[in-house]
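The values are calculated or read from the model by the stated rules, or taken from the named source; none is laboratory data. Bear in mind the structure is a predicted one, so any value in this text is a computation, not a measurement. In this analysis, Cβ positions are derived from the backbone assuming ideal geometry, glycine residues included, and neighbour counts consider all displayed protein chains. These accessible areas exclude ligands, DNA and RNA; they are computed on the full protein's heavy atoms, side chains included. Shrake-Rupley method; radii C 1.70, N 1.55, O 1.52, S 1.80 Å.
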Amino acid sequence: MTPLELFGLICVLAVVRLAMSLRPVPANGVSPGVAPAAESDASQGSAPPFAVVVKEYLDAFIVAGLVALLLITFVVRTFFIPSGSMEPTLQVHDVLLVNEFEYRLSKPHDGDIVVFPPPIVTTNDFIKRLIGSPGEKLRVHAGVVYRNDKPLNEPYIAQKPDYELEIKDYNVYVDGTPIDPAEGNIPPRKLWTAPDTIPPNCYFMMGDNRNNSEDSHIWGFAQVDGDFATGPEAGHKAGFTGHAILLFWPPNRIGILH
């Protein structure tokens, strides 16, 4: 359930609760058809009326809903895996717990599994592994990813990437061809600090299923905040939704994510 859907449910419950509270009160203060003595007897030891029980449950559901809304909006959220781009680490239909608060206090780290809106038109957030951070060099050669000229040990990938990649000349080159800024997020030169390092505020994201993943080798850089500089989502707000920290469904795959 999304925060908007949960908010709508809370509103419906609140309207029902309010409607149950707005009973007409007669001028003599006695409910129609009920004698004062009968009301007094009912208040001494008999079970509470059905309406009172319903109100108590509604109050509990509304409070619980508000707490859950605060949690999934600012602290944690569940995320459902719709594709195989992160196999074998994550499988289709896995359900994750995502920490939405962490990146409000600290910067993302290389190796984090991150949920984020990509710089392309889509209705869903993506989930990828953070491979390169601002100021770092990055290239892929002969199936090996090099960060700052050091090969990465990547036991989590499905297979080695079958493409060559290098950040140079203020762009990301894949098999010798630069990414078109009209199709991906490639900041203009003035926003780079060097022609061969990842620009400030930008991150290079890759799926663990390297050859079946729509990631930064297709659409350029993700951003932790600000607006996308170029591409289909240029001018739209960027950001990281959160850090995926725990796989909690299905039960036989429960575990901390690395």
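For segment 66-201, what is the accessible area per residue in Å² when the probe is 1.4 Å?
Solvent-accessible surface per residue comes out at 51 Å².
Given the whole protein assembly as supplied and a 1.4 Å probe, what does the accessible area of Lys150 come to in Å², nearest 10?
Lys150 exposes around 140 Å² with every protein chain in place.
Rounded to whole Hz and in sequence order, give me ³J(HN,Hα) for segment 216-223 from the Karplus expression 6.51 cos²θ - 1.76 cosθ + 1.60, θ = phi - 60°, writing x for Gly and Pro.
Listing the rounded values in order: 5, 6, 9, 10, x, 9, 7, 10 Hz.
Given labels modelled 7 Å from the Cα in the Cβ direction, how far is it in nm from Trp249 to Glu136?
In this crude spin-label approximation the distance works out to 3.2 nm.
Pull up all non-local amide H partners of Lys168: gap of 5 or more, or a different chain, and H-to-H distance under 5 Å with H placed in the peptide plane.
Result for Lys168 returns Tyr173.
Round to the nearest 0.05 the FRET efficiency obtained for Asp196 and Tyr156 when R0 = 35 Å and r is the Cβ-Cβ distance.
0.85
Applying the Karplus parametrisation 6.51 cos²θ - 1.76 cosθ + 1.60 with θ = phi - 60° to the phi angles of segment 180-190, what ³J(HN,Hα) value in whole Hz is obtained for each residue in order, glycine and proline being reported as x?
Residue by residue, segment 180-190 yields 6, x, 6, 10, x, 8, 10, x, x, 3, 5 Hz.
When the accessible area of segment 87-206 is split by element with a 1.4 Å probe, what percent falls to carbon and sulfur?
For segment 87-206, the apolar C and S fraction of the accessible surface comes to 51 percent.
From the phi angles alone, apply the Karplus equation (6.51, -1.76, 1.60; θ = phi - 60°) to segment 104-119 and give each ³J(HN,Hα) in whole Hz, x where the residue is Gly or Pro.
Each residue of segment 104-119 in turn: 7, 10, 9, 7, x, 10, 4, x, 4, 9, 10, 9, 7, x, x, x Hz.
Quick one: ranking Cys202, Cys11 by accessible area, 1.4 Å probe, largest first, what do you get?
Sorted by accessible area, descending: Cys11, Cys202.
Determine the gain in length on full extension of the stretch Val95-Ala19; use 0.36 nm per residue of separation and subtract their C-alpha separation, reporting nm with one decimal.
Here the answer is 23.6 nm.
Looking at the square roots a ≥ b ≥ c of the eigenvalues of the Cα gyration tensor of segment 199-258, which shape do they give, rounded for a/c under 1.5, prolate if a/b is larger than b/c, or oblate?
prolate
Accessible surface of Thr122 in the full protein assembly, 1.4 angstrom probe, to the nearest 10 Å²?
Around 60 Å² of this residue is reachable by solvent.
Place +1 on the Cβ of every Lys and Arg and -1 on the Cβ of every Asp and Glu in segment 135-203, take the dipole about the Cα centre, and give the residue among Val144, Leu191, Ile179 whose Cα lies farthest towards its positive end.
Leu191
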